[in-house]
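The values are calculated or read from the model by the stated rules, or taken from the named source; none is laboratory data. Keep in mind that what you see is a predicted model, and the values were worked out from it rather than measured. Cβ placement follows ideal geometry from the backbone for every residue including glycine, while neighbour counts extend to all protein chains displayed.
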Number of protein chains: 2
Amino acid sequence: MPPEINLRILPRTVQQETVDKLRLAIFSGMFEPGSRLVESHLCAELGISRPSLREALRSLQAERLIDIVPNRGPSIPALTLEEMTAIYEVRELLELEAVGRCSQRISKDQLHELEKSLSAFEEAASSNDSLARVKTAADFYSIILANCGNPILEEVHRGLVARISFFRARSMSLKGRAQSSLAEMREIFEAIAAGDEKAARKASKKHIAKAKAAAKLSMETGT
Amino acid sequence: MPPEINLRILPRTVQQETVDKLRLAIFSGMFEPGSRLVESHLCAELGISRPSLREALRSLQAERLIDIVPNRGPSIPALTLEEMTAIYEVRELLELEAVGRCSQRISKDQLHELEKSLSAFEEAASSNDSLARVKTAADFYSIILANCGNPILEEVHRGLVARISFFRARSMSLKGRAQSSLAEMREIFEAIAAGDEKAARKASKKHIAKAKAAAKLSMETGT
DNA sequence: GATTGAAAGAATGTCAGACAATTGGGTTGA
DNA sequence: TCAACCCAATTGTCTGACATTCTTTCAATC
């Protein structure tokens, strides 16, 4: 069965672009957790009308990337430690499954892509470009999730990771954490390449545990 | 640490109510999968303006309860068998975890609530009110998920189940399926009451497998 | 001095109306 | 029969407006 190719060229709407822009801004830590997003300011900044902006904000609210309190408007959620822990727990559940499946079904071609993305992260980890680190690390996981054979698993995982992007970005800005991540990711890659499901899950579990600890630390120290 | 009680009374906005109404309408199968939702009609029906409606639609889109194709507008997703299967797989992953955790940590009080909801479902299963069946079954799971100790797990699970509500409603309308569900749910309850995590997970797995088969059947036959 | 109360300013929730762009379907013509 | 074309319906987006609700400031009171 050949993969279905969507020939329809979906016109991108202002609303979609707005959502993407805001999401990216949130990911890159442009807004402080807890800070409010004033609609009129965002409208001016993005050059769109308030109705359009509000549509975009509703999308982000449903993704849990922003809070909207009636009569107080949108703001960046300030995750509690409990919430963060809960997210990491579910992420682990999903990610172990995804990595395990991926190890059993990934194609040679995609495996090569995965290797390339690991190299890209390796380079970023040595550089000072912390945004590049976050991006390349995300690519690595994207490929794994895209090859787990379950698009829903992929989608839910992406949604969860998005919600903790703030702390991931912070911890990734520490060179030590990036280097440590690199070793863990390589271990995951090796296990996947060897088709060793058990090892892949184990390596992944270790990676998440460390990432969680790093995020927690960065949360507590506020660095 | 006492549980935080939110004293702030959140005013309900039109937008929230609109989302709730539409969500409920979708759950109860009021719209045929694939059918389009014309904005002007919905506005008239709901008695609200188009901007407000569109905000609500964006929320539902982000929840994956409706599709919105640019320039064609919103419509009810027609799930493919592959998507449904993928959803059930992830649901199983989450639900087994939730049931297992619940069996270890639920309080006597909540256990009693769970028993009550099981009784309510038992009554509904014998009646002809298929909507009541869906509702009471959902209550049963709500209690389990609320007692798994991880609100994110609960949230993600709810989102997934919402997306297959259409087929669940259809299969629940068959009295045979309801009775079978009852037996499976009782088994889950007994395992939880006994604090037997392994048995709880096993019973839950069986239940999901059957529910999935029923949903698949109802999808294929279109009944 | 601290607390309460009131008033002004800012921001949100919602609406009405409008217009260009796109889609889908039916009609015409070859 | 099939292709091109046109039109009604629908969506995407904007402007502008107004009532409601929050926030803050400032004064008055205890």
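Structure summary
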item	result
Checking A:E122 against (1) more than 9 Å from chain B (Cβ to nearest Cβ); (2) surrounded by 22 or more Cβ atoms within 10 Å (Cβ to Cβ); (3) in contact with a Leu (Cβ under 7 Å, 6 or more places away or on another chain); (4) more than 20 Å from A:L24 (Cα to Cα), the condition it does not meet	(2)
The lone exception for A:E155 - which of (1) of a type outside the set (S, T, Y); (2) touching a residue at least 24 places away in the same chain (Cβ under 8 Å); (3) in a helix (DSSP H, G or I) it fails	(2)
Candidates B:G176, B:G149, B:G195 - the one that is in a loop (DSSP other than H, G, I, E, B), more than 14 Å from chain A (Cβ to nearest Cβ) and surrounded by fewer than 21 Cβ atoms within 10 Å (Cβ to Cβ)	B:G195
Members of region A:28-72 found to be more than 27 Å from A:S130 (Cα to Cα), part of a loop (DSSP other than H, G, I, E, B) and within 14 Å of DNA strand C (Cβ to nearest atom), listed by number	A:V38, A:I48, A:S49, A:P70, A:N71, A:R72
Number of positions in region B:28-72 that are surrounded by 19 or more Cβ atoms within 10 Å (Cβ to Cβ), of a type in the set (A, V, I, L, M, F, W, C) and more than 14 Å from chain A (Cβ to nearest Cβ)	2
Test: residue in region A:125-143 that is at pLDDT 95 or above and within 14 Å of chain B (Cβ to nearest Cβ)	no
Members of region B:20-58 that are of a type in the set (A, V, I, L, M, F, W, C), farther than 18 Å from A:I68 by Cβ, without any contact (Cβ under 8 Å) to a residue 40 or more places away in the chain and in contact with a helix residue (DSSP H, G or I) (Cβ under 7 Å, 6 or more places away or on another chain)	B:L42, B:C43, B:L46
Residue within region B:130-149 that is basic (K, R) and under 25 Å from B:K21 (Cβ atoms) present	yes
Identity of the residue in region B:35-86, over 30 Å from A:L96 (Cβ atoms) and among the hydroxyl-bearing types (S, T, Y), that ends up nearest to DNA strand D (Cβ to nearest atom)	B:S40
Residue match in region A:87-99 (condition: within 15 Å of DNA strand D (Cβ to nearest atom) and more than 10 Å from chain B (Cβ to nearest Cβ))	no
Test: residue in region A:206-213 that is at pLDDT below 95, touching a helix residue (DSSP H, G or I) at 6+ places or on another chain (Cβ under 9 Å) and crowded, with 17+ Cβ neighbours inside 10 Å	yes
Residues of region B:158-178 satisfying the condition of being within 10 Å of the chain's Cα centre (by Cα) and in contact (Cβ under 8 Å) with a residue 24 or more places away in the chain	B:G159, B:L160, B:V161, B:A162, B:R163, B:I164, B:S165, B:F166, B:R168, B:A169
